[in-house]
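A short worksheet on the structure shown next.
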Amino acid sequence: AKDSHQNSASVRFNSTLREKIERKHSLEIMLGNADFSREFQLYFQPQFRISDHALVGMEALLRWFHPHQGMISPGEFIPVAEETGIILPITEWVIDQAYATIAHARKASSLSIQMGINLSPKVIETADLLASLKQKEMRHCVPPHWIDLEITENSAMSLHATIEGTFDQLKQSGFTISIDDFGTGYSSLSYIRRFGVDRLKIAKELVDHVADDRNSQLIIKAIIMMAKGMNLRTIAEGVEYQDQLDVLKEMGCDEMQGYLWGRPVPFETFKQQYLS
Ligand code: C2E
Ligand code: MG
Ligand code: MG
Ligand code: MG
């Protein structure tokens, strides 16, 4: 009877909103209880140079297999982990696994591939990131130039000038830095210089339309031109079709990562497919 004044749209709205809040709350609790080494696994997606199809890197992408809920996508749980702060121990775990894996990959093959690791702004701002990377470096004998640190365009923009020093130190140590999901935010290009960026990862949202939409084409073309002028590499994310790749190649894009040439897979599969 209490709800009798609400129209059906508002009931629907309230119940979806309530469901979202409940889902978020249960994710928080599940993350708090997660047994990382049992429930988490890194998958790896290959990154290729377009000109000769050479493997240049692999990106570590976190997978969560919950014992009762099954697989939960990082798009859903990473934002929650960032809010609660559990992203800090999660990233510790990711870095450790990623270092162990690139050590293994470099032993299995003579290719000079890099391991891409995604970093949330919270990790850069609050964790002693450099100390943690150094510790893993010693444990796994992995030099910094084997590691590419990915930060999204939106989070790079949100970071305070005070963490510029952190980037300086990372660069001085020999890590490379890629800007993830580039081209959809409201970029002030000055941060690309300030953060000593090495590579722009052109957002899938733009790549999706590169074969047929004039606007996406113009934007990607401008990004590639600018990157060349600034001596940065470009990698297109989420390339699924040959006609997309053809256009990107024509525009002078350096690298690609996408289902067309390789999906994220567990390391054993990666090794069989790309390192032997
Ligand atoms: P991202 O770093 O931009 O990673 C690329 C995403 O695009 C991955 O989704 C990948 O599976 C997907 N992708 C790549 N190629 C294609 C394609 O051709 N088609 C389609 N449809 N998708 C493609 P995923 O693995 O679900 O990860 C989503 C996001 O979660 C990542 O976006 C990243 O922001 C975040 N993430 C994943 N692992 C970590 C992590 O260890 N730490 C942090 N902080 N974030 C992570
Ligand atoms: Mg990424
Ligand atoms: Mg991306
Ligand atoms: Mg993304």
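Computed from the coordinates by the stated procedures, all read-outs in this text should not be read as laboratory data. In this text the structure is predicted, and so the values were computed from the model without any measurement. Heads up, the Cβs are rebuilt from the backbone with ideal geometry, glycines too, and the neighbour counts pull from every protein chain shown.
Treating each Cα of the range 127-274 as an identical point scatterer and summing with the Debye formula, the log10 of I(q)/I(0) at q = 0.12, 0.16 Å⁻¹ comes to -0.57, -0.95.
With N set to the residue count of the chain, report its C-alpha Rg divided by 2.2 N^0.38 Å to two decimal places. Intermediate results must be reported in sequence, preceding the final value.
Working: Rg = 20.2 Å, N = 276, 2.2 N^0.38 = 18.6 Å.
Taking the Cα Rg and dividing by 2.2 N^0.38 Å, one obtains 1.09.
Listed by chain and number, the lysines placed with their C-alpha closer than 26 angstrom to that of residue 201 are 122, 134, 136, 171, 221, 228, 249, 271; residues fewer than eight positions away on the same chain are left out. In a simple Cβ point-charge model (Lys, Arg +1; Asp, Glu -1; nothing else charged), the chain has a dipole of about 280 debye relative to its Cα centre.
In the chain, helical runs assigned H by DSSP with n ≥ 4 each contribute -39500 (n - 2.57); averaged across all residues and rounded to the nearest 500, the mean residue ellipticity at 222 nm is -15500 deg cm²/dmol. Reported to the nearest whole Å, the Cα centre-to-centre distance from the range 39-72 to the range 151-202 is 22.
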